[in-house]
Amino acid sequence: MLDLVNWKYKDIRSLLENLSNRPTTRGGQQFGDRKIKELQALSLFITDRNRRGLSYDLDLYRDEATQYISFAEIDSEIDKDEAVDKPEKFKYANWNKWEESVYIYLDSIVGKSGAPLSYVVRKDLGQDVSWDELDRKTQQIYNAPLYGLTFNLDSKRVLTLLKELCLETEAETWFRNIKCDCVAMKALQIHYDSPDESKRRKEEARSKLKNVYYKQEGTFTFEKFVTNLYDAFQILEKYGEPL
């Protein structure tokens with residue numbers, strides 16, 4: 001089964017078509033279009049289960065074989081590097097939104113491991129989480145190993161991003177000599193989510209909730225009013241403040 005992990009869609013077709021074109025005296029075998037599509041689909045199924053840390057239950061594949069053929073074709077046409085907008089430069093006042101934007105951005109990019117790039121800076125999952133209840137992307141993120149060649153390549157890519165976003169900002173100080181992106185992100189989180197920092201942010205959030213009022217659309221839009229409320233509540237929820 002593991003021989004089918006990470007096989008590329010187009011490479012499977014190329015290999016089997018080449019074998020079909022060879023004479024039998026040179027190891028040639030005939031593979032029709034349907035057989036090629038079935039192997040492409042099976043490879044996708046095995047690869048997906050492997051990346052999510054799930055067993056290779058072939059009964060699941062057999063029950064949905066035709067559907068997996070469609071999935072394989074769709075998956076091959078998706079641009080794996082089509083990301084959302086890159087986060088803005090780091091700003092102290094926007095730490096929580098900036099941190100979230102980094103994870104969203106990395107979630108949208110598939111790394112060399114086949115998992116979203118956010119796996120290399122993933123946070124602790126928690127002990128009470130049921131693996132079977134996690135969605136497909138989250139399973140990939142938390143199953144991807146934090147070692148090996150593909151991790152090293154993905155780590156360098158994320159570290160380059162963090163350095164770019166924090167260049168010539170105060171955040172750069174906290175990981176200037178660090179060479180691993182997961183350590184760099186953890187250094188930022190340890191500092192900007194420290195007890196003193198979180199206390200300060202909670203005080204600011206509570207003050208904002210007390211003093212923000214919607215008056216006139218021309219001077220303070222309703223959208224901005226709602227955004228201010230949302231940001232304040234998000235901060236209080238993050239740092240465990242009762243709402």
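We did not get these values from a lab; they are worked out from the coordinates using the rules stated. Note that the coordinates shown come from a computational prediction; the quantities given were computed from them, not determined experimentally. Every residue, glycine among them, receives a Cβ derived from its backbone with ideal geometry; neighbour counts consider all protein chains shown.
Quick look at the values:
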quantity	calculated
Set of lysines near residue 91 by C-alpha distance (under 16 Å), chain-local residues within fewer than 8 positions excluded	163
Straight-distance crosslink candidates among aspartates and glutamates, where the alpha carbon sits under 15 Å from residue 199 and sequence neighbours closer than 8 are dropped	237, 241
Taking N as its residue count, the alpha carbon Rg of the chain over 2.2 N^0.38 Å	1.34
Low-density loop positions, chymotrypsin sites (Phe, Trp or Tyr not before Pro), the stretch 37-81 - DSSP coil, at most 15 other Cβ in 10 Å	56
Hits among aspartates and glutamates - C-alpha to C-alpha of residue 186 under 12 Å, sequence gap 8 or more where chains match	99, 124
Tensor-based shape of the stretch 2-77 (alpha-carbon gyration tensor, a/c under 1.5 rounded, otherwise prolate or oblate)	prolate
Quotient of Cα Rg and 2.2 N^0.38 Å for the stretch 92-192, N being how many residues it contains	1.08
